[in-house]
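Only one structure is covered here, and it is reproduced in the block below.
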Amino acid sequence: MAIPNDADKRKEVRPVICYPNETLPDPDLRELDKSKKTLTLIKKIVVEPREGACFSVKSGQFFRIISSKGPQVGDLNLWAENNLNEKFYSGKTRALHGSHVSTGDRLWSNFPQLRPMATITADTLDWYGIDKYGGSVHDVIGTRCDPYTNKLLSGSDYDNCCHSNLTRALAKYMNLEIFEAEQFVHDVLNVFMCTGFTRDTGQYFMKASPVRPGDYLEFFAEINLIVGLSACPGGDCSSKHSSNEASCYPLEVEIYENLSKRKLYRTEPVPNSYSGCHGTTN
């Protein structure tokens, strides 16, 4: 096809932010930081390499995902504790906050609720920013490694992809059959993963995560949550995933609660107030 005469002019049009987020509810990080000064560690969980785990975090508690033994990325799912149909919506979180998230950003639930499920309150990798390749950490652009795409591209079966790990973990936690649990597993927050899009072909890429033992990503639970976490078979995702070739390490989770008299009292976010009529009169 011929290139139009005004091609350069069309390409020079300045972009417009789709969803200006200045009117989003303030997460009030100052008050959350005050609350953290009197936290008590109440539970520790270890997610073994190439495995997944589910656990509950109550509204008002904090939880940390920690790189403990070596560079390792994790895939994170969230569900409302009393309703698996309300789950983390990576696409809308990306639209509201950007392709990668960090301190002060929130993880939003799907329609019709569209409310904050968790707020990121600390990130030891916030120094990384965006590198010369366009890469950054903690992305909400990838989906999750899964056995279906692996079968499509390689022709082989592999059962420890993050999708399968999360499916097994949710089935065990909720006492569901595998096929029942799978329908609730959804696109993830790729914790510690360093990703972006290539400048020339626009392809999703991964590169070695900058995470090191002791690094963590910390969240405040805005509602009662079921949290699912998979220790990705890609390890630090420096070469490939969906295989047993990468060096993998466990991820640790610490859950904290403010048990002091200075406990933070915070109203839980309510579901979105849109009427739900979608233009009908019924």
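The values are calculated or read from the model by the stated rules, or taken from the named source; none is laboratory data. Since we're looking at a predicted model, the values are computed, not measured. Neighbour counts run over all protein chains shown; Cβ positions are idealised from the backbone, glycine included. We work out accessible area using only protein heavy atoms, side chains counted, and drop any ligands, DNA or RNA first. Shrake-Rupley method; radii C 1.70, N 1.55, O 1.52, S 1.80 Å.
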In square angstrom, what is the accessible area per residue of region 53-187 with a 1.4 angstrom probe? 41 Å²
Hey, any idea what the orientation-averaged projected area of the convex hull of region 1-54's Cα atoms comes to, in nm²? 10.6 nm²
With each run of n ≥ 4 DSSP H residues scored as -39500 (n - 2.57), what mean residue ellipticity at 222 nm is computed for the chain after dividing by its residue count and rounding to the nearest 500 deg cm²/dmol? -4500 deg cm²/dmol
Between beta-carbons, use under 14 Å as the cut-off and find the net charge around Gly214, counting Lys and Arg +1, Asp and Glu -1. -2
Descending packing, highest mean Cβ count within 10 Å first, for 233-242, 265-274, 10-19 is 233-242, 265-274, 10-19
Solvent-accessible area of Thr23, probe 1.4 Å, all protein chains present, reported in Å² to the nearest ten, please. 130 Å²
Please report the spacing between the Cα centers of region 241-273 and region 34-61 in Å, no decimals. 5 Å
Express in whole angstrom the spacing between the alpha-carbon centres of region 132-158 and region 185-238. 11 Å
If the reach is capped at under 29 angstrom between alpha carbons, list the lysines near Lys9, excluding any in the same chain fewer than eight residues apart. Lys132
Taking just the alpha carbons, could you work out the radius of gyration and Dmax for region 109-205, both in angstroms? 16.2, 46
Using the Cα atoms of the chain, I'd like the radius of gyration and the largest Cα-Cα distance, Dmax, both in angstrom. 19.8, 71
Can you pull the percent of the chain's accessible area that's carbon plus sulfur, 1.4 Å probe, other chains left in place? 51 percent
May I ask for log10 I(q)/I(0) of region 146-282 at q = 0.13, 0.14, 0.16 Å⁻¹, from a Debye sum over the Cα atoms as equal point scatterers with solvent left out? -0.82, -0.91, -1.07
With all protein chains modelled, accessible area of Glu177 [1.4 Å, Å²]: 110 Å²
What figure in square angstrom, to the nearest 10, would you give for the accessible area of Lys69 with a 1.4 Å probe? 130 Å²
